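Only one structure is covered here, and it is reproduced in the block below.
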Ligand SMILES: Nc1ncnc2c1ncn2[C@@H]1O[C@H](COP(=O)(O)OP(=O)(O)O)[C@@H](O)[C@H]1O
Ligand SMILES: [Mg+2]
């Protein structure tokens, strides 16, 4: 019972959300559409009554011109009003799709961190919604108007029928509503199942393995094409088979309701026939009621268009659920203007455990970084270097302890988060122009001239002049996937990424972080790049992350991370002099570095 109540509440809630969506598409058109469907229903009722009276008169050789005019007027008016409703539906459908996509994107980017994007339930909801909205035959908004049109037509028929016999009207209404309710509940359940079924999402991943450019190279080299195809079909098939099985199990109530509606119509027709036979009802009532009886189907199950409306409501409800589970965005503050000041950074007794893991990555880490100093964080793969940086940008929140930028929490203060500019190892290769790729941090709230003034210096400082020469202009898109665009090599992309970090200073960043964006370079090139970076960022707070000790020895201070703990901390010379692990590892790596043709200074 409680289940039914919550289901009914959900259906009502879905209808409210749908009405709001229509309103947001266009208040004016929504009013026009509403007027049109109501007028259509009035015309429908008028037609049933007037045509009945007209024919009733004709039977007695009497032509009543008033009923003739009314019949003709309603005959013309009804399709016109229906068409207006249809047109409103088509226009609003066109507006709804971008509105909905925007809503999903807004929700997905609402939390400050990235944890929700790693949460499989949230991912499921986001991906499911986007797939649904993007389906070409998904016409939930347009169908809403069609359904409304039929529903009001059905109400008009109900009124006409009730004016002859209230109990026949009640009987037909009850059975029609029974069919409708059982069918809607079933349909809504199915679409919720589809949304939440993980295997279809899994199947989509297999599909993307085959068609996405990023994957294509490796998939072909490994000969994974037929493997991918097989997995895709098998996963999809299994998901769909289960869904269909679930559907069959829920069909019982629908069959019963359909038997009931057959019985109700049999009784109604018998009553009408009997009334006509005994002369209890005249021709006019007979005709009007017979028409009304067939048109009551407008209140029943409306097939595809009703399915569409249910899908639309399910989608809106799922988006609402998603909005509830994602935290509100942090209060936005006015963007910082370039301050030119270096930030202070502090980690105080930080404990952090990744969601879904039991072992903490940090169990009490403390690190203070003076404004204006350069710090290198070194350590083997998996030592926790990137996690440290993600905490610093507020992408993850510590379980306990504090992460501070300029004395505040970057996880809750947008302004402070913008003080941190990071280039990660897997930095993004934006399908944007060279200028936008470099001036990324300034795009949100700077004038075009400001961006244009900053980016050449940034690219130059990042030793990227040859990249500009190679690309041939600031306005060329850095992707071969677009006409006139061009792709870059890994090393060239790294220079663009470095330039992006440098340009962020002008957008107000107070601490620059490079988290191994140079890992693909050879040791010597990385060392050169880091040295160059330290030179151009002198006086700013910089954090260089690397697993290669020889690249970062010119940093003011070196911090060695191991298993989530700081095991050594000092200048290069101090650490070498101490003769501990850093000294041994450095000697080992320097040897190889020398072998590779580099010189150790
Ligand atoms: N998103 C994640 N979810 C769960 N564990 C993670 C995640 N990212 C990293 N880890 C784990 O945290 C530890 C530190 O990783 P990371 O900070 O990336 O190391 P580093 O950057 O030093 O190579 C590793 O054991 C790694 O497997
Ligand atoms: Mg890392």
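Laboratory data are not the source of any read-out in this text; all were calculated from the coordinates shown. For clarity, every value in this text was computed on a predicted model and none was experimentally measured. We place every Cβ from the backbone using ideal geometry, glycine too, and count neighbours over all the protein chains shown.
When the P(r) is computed for region 504-584, the part past 17 Å accounts for 49% of the Cα-Cα pairs. Give me the percent of Cα-Cα pairs in region 427-508 that sit more than 16 Å apart, rounded to a whole number. Of all Cα-Cα pairs in region 427-508, 42 percent lie more than 16 Å apart.
Shape analysis of the chain yields a ratio of the Cα radius of gyration to the Kirkwood radius, Rg/Rh, of 1.16. Using 0.36 nm per residue and subtracting the Cα-Cα separation, the extra length available between residue 431 and residue 349 on full extension is 25.5 nm. The angle between the Cα long axis of helix 225-249 and the main principal axis of the chain comes to about 40°, on a 0 to 90 degree scale.
With the convex hull of its Cα atoms as the shape, region 341-492 has an orientation-averaged projected area of 11.2 nm². Fully extending the segment from residue 397 to residue 492, taken as 0.36 nm per residue of separation minus the present Cα-Cα distance, adds 30.9 nm.
Using the Cβ-Cβ distance between residue 118 and residue 80 with R0 = 51 Å, the FRET efficiency computed as 1/(1 + (r/R0)^6) comes to roughly 0.40. When shorter helices are ignored and each DSSP H run of at least 4 residues is given -39500 (n - 2.57), the per-residue value for the chain at 222 nm works out to -21000 deg cm²/dmol. If one computes the Cα centroid of region 21-89 and of region 484-504, what distance in Å separates the two points? After rounding, the separation between the Cα centres reads 64 Å. Axis angle, to the nearest 10 degrees, between helix 120-134 and the longest C-alpha principal axis of the chain: 60 degrees.
Across all Cα atoms of region 351-431, the radius of gyration (one decimal) and Dmax (whole number) stand at 13.3, 40 Å. Mind pulling the angle between the C-alpha long axis of helix 283-295 and the longest principal axis of the chain? Nearest 10 degrees, somewhere in 0 to 90. Orientation of helix 283-295: about 20 degrees from the principal axis. Taking Cα centroids, how far is region 337-406 from region 163-192 in Å? The two parts, judged by their Cα centres, are 60 Å apart.
The ellipsoid equivalent to the alpha-carbon distribution of region 1-148 has semi-axes of 46, 17, 11 angstrom, derived from the gyration tensor eigenvalues as √(5λ) and listed largest first. Within the chain, DSSP assigns beta bridges of which about 50% are antiparallel (rounded to the nearest 5).
Taking every Cα-Cα distance in region 11-325 and sorting them into 20 Å bins starting at zero, the pair-distance distribution P(r) comes out as 26, 46, 22, 6, 0 percent. Compactness of region 210-321 was expressed as the Cα radius of gyration divided by 2.2 N^0.38 Å, which yields 1.99.
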